[in-house]
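These notes are about the structure you will find just below.
Just so it is clear, none of the values below were taken in a lab; they were calculated from the coordinates. Remember, predicted model here, so these are calculated numbers, not experimental data. We place every Cβ from the backbone using ideal geometry, glycine too, and count neighbours over all the protein chains shown.
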Amino acid sequence: MANDFEEIVGSIKDYIQKGVNSASIDINYEVAKELYQTRLGVDTDKALKQLKDFSISMHCWQGDDVVGFDQDGPLSGGIQTTGNYPGRARNPEELMADIEKVFSLVPGKHRLNLHACYAIFEEGEERVDRDKIEPKHFKKWVEFGKRIGLKGIDFNPTIFSHKMMVDGLSLSSPKKEVRDFWINHCKQCIKISEYLANEFNSHCEMNIWIPDGYKDVPADRLGPRQRYAESLDEILSMDYDKSKVLITLESKVFGIGLESYTAGSAEFTAGYAYKHNILPLMDNGHYHPTEVVSDKIPSMLLFNDKLALHVTRGVRWDSDHVVLLDDETKEIAKEIVRNDAMDRVMVGLDYFDASINRVSAWTVGMRNFQKAMLYALLSPNKKLKQLQDESRFTELMALQEEVKTFPFGLVWDKFCQDNEAPVGTAWVDEMLAYEKEVQSKRS
Ligand code: RNT
Ligand code: ZN
């Protein structure tokens, strides 16, 4: 680093006049590094390395408004996409192109989270229903993932938007043929997940979520949960490699048209996962409005080897807005980092905004969760814990507030530069050029 004052000032002026350039990013970083080290005792180089190794599973369904390729009915299951911004991906080629674009705008290596409804049937190939899908229907995704250097692909049975959702019910249905259809679907999904894990030599997280519930006060709250548990038992009785396929179970408090009751409530899910040695998945849009997932993470870490998250942003309800760098997102990241759980919490994103450019929606969310992680990695976590344990709450508050104005953005810029992703808002220009050249030509 240049230690000549004039030279530093010259570079800063250069930065202001010419906008962001790599020399100024390096100089800014050296300044930030020094400040973090001397004032907070935080090692920024170490934080950058840890962030680089942290992968996020990006949900494929932001790109096409949760439609998928295997049906043309409406989105069901009490979830809803709002907005009609042009450029929705309409087929595998378009969705893959958009995903590839996003990964070029996001620093680091990540994972992709696929739903079963994104099965690809080759030209002339027989289309099969969801209870019969096989690994071969995801071969193109594997080829794509390898080509763009994904670390792995995660998977989800698609238990909504389908005619076998009879009266909105699936694995908890009182009708045996309905339950059996979805049990078979989940079993096929386990085979597909194992295939994905093998292809990428990485685990595959397979998340089960069902929308089953009732709009109005149910007469029987136990029966549907008993049937759901029995269906899960049947699915899990299958022989599969538990070191490769990590099955997670996602809870939910309500859905649209399912306001009074859900079979897969928080307690059901946590209890079932714990008892049957699968992993709980917490989606931060799926709790009562004043509950926060950040506070649940440490409790769940005490009783589960690993856990999974769907990071989203609910505005007044489970609205699935784009993830921002807001307080709760930062708090979630802090709980992962300060509890030393970066390899125990599997983070996926889950939202769908159709009112803005979808490539942008994805990019903002991915970059924001990484920023939240970096922010957490740059906190003097040990020192803060010590202050709490020594009941020095006055100093604790002062230091927690002080950290907020540290030059974390300069470290983030360095991370983007080092990992060959656009720095600052440069990604917006690239995204707009893509919109003009590619997305706007879709009718
Ligand atoms: C719905 C759940 C679920 C879905 C995806 C598509 O409320 O959050 O995760 O969003 O599986
Ligand atoms: Zn979710």
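Before moving on, here are some points about what is shown:
- Surrounding net charge for Trp61, when Lys and Arg each add one and Asp and Glu each subtract one, Cβ distance under 11 Å: -3
- Column: log10 I(q)/I(0), Debye, Cα scatterers of region 125-254, q = 0.12, 0.13, 0.20 Å⁻¹: -0.49, -0.57, -1.15
- Look at the alpha carbon pairs under 8 Å that are at least 6 residues apart: their mean separation over the length of the chain gives a relative contact order of 20 percent.
- Restricting the trypsin sites (Lys or Arg not before Pro) of region 229-328 to loop positions (DSSP other than H, G, I, E, B) with no more than 10 neighbouring Cβ atoms within 10 Å leaves Arg316.
- As a calculated quantity, the FRET efficiency between Phe5 and Ser319 at R0 = 45 Å, using C-beta atoms, amounts to about 0.35.
- Candidates Met431, Met366, Met238, ranked by Gaussian network fluctuation over the chain, Cα under 10 Å, top entry: Met238
- Over region 255-328, relative contact order from alpha-carbon pairs under 8 Å, at least 6 apart, %: 28
- A DSSP coil position with no more than 14 other Cβ atoms inside 10 Å describes the following trypsin sites (Lys or Arg not before Pro) in region 362-437: Arg392, Lys404.
- For the cross-link pairs Lys306/Lys383; Lys191/Lys306; Lys275/Lys383; Lys13/Lys371, the ones whose C-alpha atoms lie over 31 Å apart are Lys275/Lys383.
- Overall shape of region 15-169 was characterised from the C-alpha gyration tensor. The equivalent ellipsoid obtained from it has semi-axes of 41, 17, 17 Å, in decreasing order.
- Spatially, region 350-423 and region 248-286 are offset by 28 Å when compared through their Cα centroids.
- Pairwise Cα distances in region 356-414 exceed 13 Å for 68 percent of all pairs.
- In the elastic network of the chain, a GNM with C-alpha springs shorter than 10 Å, the most mobile of Asp180, Asp320, Asp429 is Asp429.
- Interatomic Cα distance distribution for region 290-443, bins of 5 angstrom, percent: 2, 8, 15, 17, 18, 16, 11, 6, 4, 2, 1, 0, 0
- Nearest-ten-degree value, helix 92-105 long axis tilted from longest Cα axis of the chain: 20
- Beta bridges by DSSP in the chain, antiparallel share as percent, to the nearest 5: 15
- Over the chain, the hull volume per residue, using the convex hull of the C-alpha atoms, is 154 Å³.
- Label-point separation in nm, Val31 to Tyr85, each point 7 Å along Cα→Cβ: 3.3
- Local charge for Pro289 was computed over the other residues whose Cβ lies under 12 Å away, with Lys and Arg +1 and Asp and Glu -1, and equals -2.
- Length gained on full extension, Thr394 to Glu123: 90.8 nm, using 0.36 nm per residue less the C-alpha separation.
- Its Kirkwood hydrodynamic radius, worked out from the mean inverse distance over all distinct Cα pairs, puts region 98-190 at 14.8 Å.
- The fraction of all Cα pairs in region 136-207 landing in successive 10 Å bins from 0 to the largest distance is 20, 41, 24, 13, 1, given as whole percents.
- The Cα trace of region 3-106 gives Rg and Dmax of 22.2, 66 Å, the first to one decimal, the second as a whole number.
- Entry note, the chain: the mean residue ellipticity at 222 nm calculated from DSSP H runs of n ≥ 4, each adding -39500 (n - 2.57), is -14000 deg cm²/dmol after division by the residues and rounding to the nearest 500.
- Cα centroid separation - region 185-219 against region 105-177, whole Å: 9
- Residue pairs exceeding 25 angstrom between C-alpha atoms, taken from Lys330/Lys382; Lys146/Lys441; Lys109/Lys385; Lys132/Lys175: Lys146/Lys441; Lys109/Lys385.
- If you take all other residues with their beta carbon under 14 Å from the beta carbon of Leu325, and give Lys and Arg +1 and Asp and Glu -1, the sum is +2.
- Treating r as the C-beta distance of Lys151 and Glu259 and R0 as 35 Å, the FRET efficiency rounds to 0.35.
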